[in-house]
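Undergrad: Please find one structure pasted underneath; my questions will follow.
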Amino acid sequence: MLQTIPSLFQKKQLEAFLVTYPANITYLTGFTGLSPDEEECIVILSVEKPPALVFPRLYQEEVQQLKKSLSLHPATGRSSLFDEVVVLIKKSSWTRIGFEAEHLSVARHQWLQKKLSGIQLVPESGLIEDVRVIKTEEEIRFLEKAQRITVKTYETIQKTLHAGQTEQEIAFRMQQLLYEYGAEGSSFDPIVAGGPHSAVPHHKTGNRKIASGDIVLLDFGARYKGYCADITRTFMLGNPTDRFLKIQQLVERAYETSLATIQLGKTGKEVYQSAWRVFEKNGVALQFLHGLGHGVGVQIHERPYLKATVVETLKEGMVLTVEPGLYFPGWGGVRYENVVVVEGTGARVVGV
């Protein structure tokens, strides 16, 4: 990954580039120990020098695995990371340095500009994300493995789930199984929604007990080698009612229609609309409350997106979810979700 970026920012007449977003640092270096919510490391990419990793001494052991591909520069702590960055920049002859516009705060930018007078700091949007959106063969293997672990976990849970269990008990067991089957952990907090809770697309798993006749919606995923899986399955505990089967069939029809629509060059909007039209023809489009899908990778939500407003076109190597759903307050909801790889012939479902 690290070798592909300098040529991109060189075209923009940049001599170096600061990477501060944790997900992008994980993507570039393979270092998965970072908190997604804190500024714990910084990568400096340049054309003529090896990539540099500035890190707090807290990680001095973990980063040794990276010393073959990165020059390592310890800082005394998180608060002094940018002080070390300034030292390294002043030792260089750089005059134009790019930074991640969406991820560096205004206050930090102003502080850097004062410390680096005479050096132009240039905001750039999506430079790393533009590379991340197309997965390598290795990334796809990791994603497929994460998805297989997730599907295996679901199959086990469905066989053992019974009335009287709480949503939290089921979620806890799901996480146990993910570890047992080879995951590093969960890619997000599992959603277990029973009965009317299934009408809330992102229900917060609680203490409600599952009863016979309940709709049960499970949305979860494994994390493997830093890469995220994501599936949703919905079933009725006991004999399904006619209403449930009708809604389930509509959701599955929208899912199959979406898969058939995914082709190179199609926009996220076009794929979304293919599912929406299935629901519209059956008078339930207003019960479709969210986008149709999102990319997965080192983050559980990343580009590309399948939404009504997205004009980004699909390209070979993109990996994303397809997850139509219908939600009826007071009754419940049905969602079905898998991860697909965009290939020359269309969408290939992975892990099932």
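Undergrad: For the range 263-298, list residues with backbone N below 20 Å from a point placed 7 Å from the Cα of Trp331 toward its Cβ?
TA: 276-290
Undergrad: Nearest 5 is fine: what % of DSSP beta bridges in the chain come out antiparallel, could you say? Provide the component values of the computation, followed by the final result.
TA: On the way: 40 of 53 bridges.
Among the beta bridges of the chain, antiparallel pairing accounts for roughly 75 percent.
Undergrad: May I pose another question? Out of all DSSP beta bridges in the range 34-101, what portion is antiparallel? Express it as a percent rounded to 5.
TA: Numbers: 3 of 8 bridges.
Rounded to the nearest five, the antiparallel share is 40 percent.
Undergrad: Please give the charge dipole size of the range 228-352, origin at the Cα centre, charges +1 on K and R Cβ atoms and -1 on D and E Cβ atoms. Round to the nearest 20 debye. It would help to have the intermediate numbers written out before the result.
TA: On the way: 13 positive and 12 negative charges, 50 e Å.
Result for the range 228-352 is approximately 240 debye, rounded to the nearest 20.
Undergrad: So who's got an amide H within less than 5 Å of the one on Phe99, skipping anything under 5 residues away but keeping other chains? H placed 1.01 Å off N, in plane.
TA: Hits under the 5 Å cutoff: Leu18, Val122, Glu124.
Undergrad: For the pair Trp111 and His301, what calculated FRET efficiency results from E = 1/(1 + (r/R0)^6), where r is the Cβ-Cβ distance and R0 = 25 Å, to the nearest 0.05? Can you show the working numbers first?
TA: On the way: r = 30 Å, r/R0 = 1.20.
Once the sixth-power term is evaluated, E becomes 0.25.
Undergrad: Highest first, please rank the peptides 258-268, 56-66 by the mean number of other Cβ atoms sitting within 10 Å of their residues.
TA: Values: 258-268: 17.5, 56-66: 14.2.
Result, highest mean Cβ count within 10 Å first: 258-268, 56-66.
Undergrad: For the pairs Lys68/Lys114; Lys68/Lys135; Lys145/Lys246, note any where the Cα-Cα span goes beyond 26 Å.
TA: Listed pairs above 26 Å: Lys68/Lys114; Lys145/Lys246.
Undergrad: In addition: For the range 58-158, what are Rg and Dmax over the alpha carbons, in angstrom?
TA: 19.6, 63
Undergrad: How much of the calculated P(r) for the chain lies past 27 Å, in percent of all Cα pairs? Write out the running numbers ahead of the final one.
TA: On the way: 32594 of 61776 pairs.
Value for the chain: 53 percent of Cα pairs lie more than 27 Å apart.
Undergrad: Helix-only mean residue ellipticity at 222 nm, the chain, DSSP H runs n ≥ 4 weighted -39,500 (n - 2.57), per residue, nearest 500. What is it?
TA: Numbers: 9 runs with 112 residues, N = 352.
Value at 222 nm, helices only, nearest 500: -10000 deg cm²/dmol.
Undergrad: Extension gain Glu343-Val87, at 0.36 nm per residue separation less the Cα-Cα distance, in nm?
TA: Numbers: separation 256, 0.36 × 256 = 92.16 nm, distance 4.53 nm.
So the chain would gain 87.6 nm between Glu343 and Val87.
Undergrad: Which value in Å is the Kirkwood Rh of the range 5-132 over different Cα pairs? Let's see the in-between values first.
TA: Values: mean 1/r = 0.0682 Å⁻¹.
Averaging 1/r across every pair of different Cα atoms and inverting gives 14.7 Å.
Undergrad: So if I take the centroid of the Cα atoms in the range 40-100 and the same for the range 283-352, what is the distance between those two points in Å?
TA: Centre-to-centre (Cα) distance: 37 Å.
Undergrad: Pull up the cross-link candidates among the aspartates and glutamates for Lys204, meaning alpha carbon to alpha carbon under 18 Å and not fewer than 8 places away within one chain.
TA: Within reach: Glu167, Glu169, Asp189, Asp214, Asp219, Asp230.
Just so you know, all these numbers are worked out from the coordinates, no wet-lab data involved. Note that the coordinates shown come from a computational prediction; the quantities given were computed from them, not determined experimentally. Every residue, glycine among them, receives a Cβ derived from its backbone with ideal geometry; neighbour counts consider all protein chains shown.
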